[in-house]
Amino acid sequence: MSLRYLTAGESHGRGIIVILEGIPSGLTINAEDIDVELSRRQKGYGRGLRMRIETDFVQVLSGIRHVRSLGSPIAMLIDNKDWDNWKSVMSPTSVDLDGDTLQKPRPGHADLAGLMKYGVADFRDILERSSARETAGRVAAGAVCKELLKQFNIDISSYVIQIGNIKADMASIPREKVWHNTEMSFVRCPDPKATKSMINIIRKAASKGDTLGGKFVVRAKGVPPGLGSHTQWDLKLDGRLAQSLISIQAIKAVEFGSGAGFASLKGSAAFDEIFYDKEKGFHRKTNRAGGIEGGISNGKSIEATCTMKPIPSLGEPLRSVDITTKKAAKAEIVRSDICAVPAAGVVAEAVVAFEIARAMREKFGGDSLDDMKKSYDAYMERIKNL
Ligand code: EPS
């Protein structure tokens, strides 16, 4: 048994559903802890009016009894409050005869490609599912995975380092302040000066009907060496993490460690030299690899930098074509966020938590948490005595 999940649900439908399977029995899971993660995902300066409507909380439908996991599939529902306003447009049973159809696809969105692929006449049929509302389900699944990882002292965090052309000056922020500053910042950026400038450019973009993307770092601390494998392409941990991260709506690039910077480094300056002493065992003084070598975690923090494109729903729309008349037209104006980079960092934490939990489950097995811990302890003891 490995770990897997599926999400379902449209952005303006009844709600978002997630089924997470493979969590061992005996893990304490409080719905409030899942709600904390859902609320972190909703925040961030630059979200649109929709976030004033929604207050996400989880309803656990199965797999947890008396606050403990059963080892059976965990099904969770997050209601869409906005459903009340969309009951006829999104009705699964009746036909909305007066409803407007969306005809002018937005460049950068799934609208046109999805419309061609699925043969639909109204690209609402596509955007409802391509919408980032779906990530509420991933965050709920990730919150459960985070609880499992806590049992092994693995901690997942993220912070924003760039919005538009404003970059955080990370060298000026002491390491121990990064987490606190991030959670205090309206854009989840640890640099207070950059936070101010980021808020300003988001405000400016909004006033011009424009949107912004950016970059964030996601980090997993406390990951044991040995997750993932060099033996097969689809077992490599970096490959699996990259797929999960790039599947987050609007993420266009994922880099591990020095990432794109490796291109200009010489071999003599690109790697993490190996040291040994009795107390620390094998260790490194740098982490250019981002915690993964040969597709296997090496015991350093796993660090990925992700790039998010600007939101493609614009207040001042780009050129497009009406799919019925074939005449040139401006793309549809659809209510949207201006910048969702801070929220995307929280979603990235969730998908990284899932991938690390999955790799842990594969390496240490265990239908129950106790079995998993015993196997983990035995392995950690073995590598300590190498
Ligand atoms: C989204 C558009 C906006 C966002 C939405 C993603 O929603 P609406 O079209 O209802 O204004 O707020 O994100 C969420 C609802 C969410 O929970 O993240 C889009 O087109 O992708």
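Worth a mention:
- Cross-chain or 6+ apart pairs with Cβ under 8 Å, the range 37-55 first and in a helix (DSSP H, G or I), then surrounded by 14 or more Cβ atoms within 10 Å (Cβ to Cβ) and polar (S, T, N, Q): ARG41/THR135; MET51/GLN42
- Selection from the range 78-93 of residues that are touching a strand residue (DSSP E or B) at 6+ places or on another chain (Cβ under 6 Å) and among the charged types (D, E, K, R): ASP79
- Identity of the residue in the range 332-386, polar (S, T, N, Q) and away from the ligand (no atom under 13 Å from the Cβ), that ends up most open to solvent (accessible area, probe 1.4 Å): ASN385
- A single entry from GLY290, GLY294 fulfils the requirement of being surrounded by 12 or more Cβ atoms within 10 Å (Cβ to Cβ) and farther than 18 Å from LYS221 by Cβ: GLY294.
- Residue match in the range 206-217 (condition: open to solvent by 30 Å² or more (accessible area, probe 1.4 Å), within 16 Å of the ligand (Cβ to nearest atom), modelled with pLDDT of 95 or more and not in a loop (DSSP other than H, G, I, E, B)): yes
- Of all residues in the range 18-51, exactly one satisfies the criterion of being within 16 Å of the ligand (Cβ to nearest atom) and more than 21 Å from the chain's Cα centre (by Cα), namely LEU49.
- Some residue of the range 124-137 being more than 30 Å from ASP100 (Cβ to Cβ) and touching a residue at least 12 places away in the same chain (Cβ under 8 Å): no
The values are calculated or read from the model by the stated rules, or taken from the named source; none is laboratory data. None of these values were measured; they are calculated from a predicted model. Cβ coordinates were reconstructed from backbone atoms using ideal geometry, including for glycine residues, and neighbour counts include every protein chain displayed. Heavy atoms of the whole protein, side chains included, go into the accessibility calculation; ligands, DNA and RNA do not. Shrake-Rupley method; radii C 1.70, N 1.55, O 1.52, S 1.80 Å.
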